[in-house]
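Some notes on the structure that comes next.
The values are calculated or read from the model by the stated rules, or taken from the named source; none is laboratory data. As the structure is a prediction and not an experimental result, all values here were calculated from the model. Please note: Cβ atoms are built from the backbone with ideal geometry, for glycine as well, and neighbour counts cover all protein chains shown. Protein only, heavy atoms only, side chains kept; ligands, DNA and RNA dropped before computing areas. Shrake-Rupley method; radii C 1.70, N 1.55, O 1.52, S 1.80 Å.
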Amino acid sequence: MKRIPFKVLSDGNTLLGVIDIPDNYNKEQKKELKICIFCNGLNGNRIENNRIFVELALKLAINGVVCVRFDYMGMGVSEGDFWNVSIGTKVQNLKDIFNYISFLFEDKKKKWFLLGYSDGITVVLNYLKDSKDNDYNIVAWSPILINGEEKGGEMKGANRKLVRDNYSKKIVMPFGGLWLGIDYIRDIKANNNMLYEYIKNKNRALAIFGSNDEKTKLTRNELKKDNYFKIVVIENANHVFSDRKSIDLVLKNTIEWINNH
């Protein structure tokens, strides 16, 4: 496997990321190339909790899948400030990443996979709404699709008091040690229910949940009503699959599903 760093200019900010390319890439020029772009959660990054994104990329590359991990504007090692981040800026970042990767592999027939972790699925679904190409496969880890009904979903437990940051002069809300900008808060309310957008992708979507995850309980119950979806519920797992057994099961089910599509 080759791990290649890259940078992409998006809305005036440089985004940094890495591409993991399988060793057998050059030997399979005539075959369809599977490419998976990872979209992290609200305040996550290209590595994610317990390096789960890194581990998945390594295992997928062994199975012949090109993996793309990157940091959104204002997150991780990319340029920008977190208080300027919104769902809209993340969607634009994803568009620019997609265009760059498409250019890199323009000579290949491609099959696309988009992985959304937690509220990362909101970015994926908003991107797909604007995309002319519907040939995508979706993997959702702990997807929050009924945001407001779960007491704010990703925002549950956050200090909801809005303040004006002395440095940025922006109206912000403390969240996870960061300043969450008001644009993101507005976008979360506007994207209160993404269930329909997810359901439109029947037969091409996998959802993995933890049984102990209260943030996704309503989403999980709603999706179970429809037999068109591949749904995996990992017993005793939480929202971020923090124990080794849960991580192994998330990786196993994700890899098997991508290999079979």
**Q.** Positions within the range 93-134 being more than 14 Å from the chain's Cα centre (by Cα), free of Cβ contacts under 8 Å to residues at least 60 places away in the same chain and within 29 Å of Lys215 (Cα to Cα), in sequence order
**A.** Asp130, Ser131, Asn134
Q. Residues of the range 64-94 being assigned to a helix (DSSP H, G or I), within 16 Å of Leu42 (Cβ to Cβ) and not aromatic (Phe, Trp, Tyr), which ones?
A. Asn84, Ile87, Gly88, Thr89, Lys90, Val91, Asn93, Leu94
Q.
Go through (1) under 30 Å from Ile171 (Cα atoms); (2) at pLDDT 95 or above; (3) buried (at least 22 other Cβ atoms within 10 Å of the Cβ) for Val85 and report which single condition fails.
A. (2)
Q) Hey, any hits in the range 30-49 for a residue that's in contact with a helix residue (DSSP H, G or I) (Cβ under 6 Å, 6 or more places away or on another chain) and among the acidic types (Asp, Glu)? A) no
Q. Just for the range 188-223: of the residues that are modelled with pLDDT of 85 or more and within 30 Å of Val163 (Cβ to Cβ), which one is most open to solvent (accessible area, probe 1.4 Å)?
A. Glu214
Q: Please specify each residue of the range 166-185 satisfying the condition of being of a type in the set (A, V, I, L, M, F, W, C), outside any strand (DSSP E or B) and surrounded by 17 or more Cβ atoms within 10 Å (Cβ to Cβ).
A: Ile185
Q. Mind checking which residues of the range 13-58 are open to solvent by 40 Å² or more (accessible area, probe 1.4 Å), over 14 Å from Met1 (Cβ atoms) and assigned to a loop (DSSP other than H, G, I, E, B)?
A. Gln29, Lys30, Lys31, Glu32, Asn43, Asn45, Arg46, Ile47
Q. Of (1) modelled with pLDDT under 95; (2) in contact with a Gly (Cβ under 9 Å, 6 or more places away or on another chain), Asn26 satisfies all except one. Which?
A. (2)
(Q) Condition (residue is of a type in the set (Lys, Arg), within 18 Å of Lys189 (Cα to Cα), over 16 Å from the mean Cα position of the chain (by Cα) and at pLDDT below 90) applied to the range 144-153: is it met by at least one residue? (A) yes
Q) Does the range 218-230 include one or more residues that are in a strand (DSSP E or B) and either closer than 25 Å to Met73 by Cα or among the hydrophobic types (A, V, I, L, M, F, W, C) (or both)? A) no
Q: Find the residue count for the range 224-260, including only residues that are touching a residue at least 60 places away in the same chain (Cβ under 8 Å) and either within 20 Å of Asn49 (Cβ to Cβ) or open to solvent by 60 Å² or more (accessible area, probe 1.4 Å) (or both).
A: 10
Q | Filtered residues of the range 95-122 (kept if surrounded by fewer than 24 Cβ atoms within 10 Å (Cβ to Cβ) and in a helix (DSSP H, G or I)) | A | Lys95, Asp96, Ile97, Phe98, Asn99, Tyr100, Ile101, Ser102, Phe103, Leu104
Q) Being over 12 Å from Leu145 (Cβ atoms), in contact with a Lys or Arg (Cβ under 7 Å, 6 or more places away or on another chain) and part of a strand (DSSP E or B), is that true of even one residue in the range 239-261? A) no
**Q.** Residues of the range 1-12 satisfying the condition of being open to solvent by 50 Å² or more (accessible area, probe 1.4 Å) and not small (Gly, Ala, Ser)
**A.** Met1, Lys2, Arg3, Ile4, Pro5, Lys7, Leu9, Asp11
Q) Which ones in the range 123-142 are modelled with pLDDT under 95 and assigned to a loop (DSSP other than H, G, I, E, B)? A) Ser131, Lys132, Asp133, Asn134, Asp135
Q: Determine which single condition Ala61 fails, assuming it passes every other condition in (1) over 23 Å from Ser118 (Cβ atoms); (2) in a loop (DSSP other than H, G, I, E, B).
A: (2)
Q: Exactly one condition in (1) within 19 Å of Tyr127 (Cβ to Cβ); (2) part of a loop (DSSP other than H, G, I, E, B) is not met by Ala207; state its number.
A: (2)
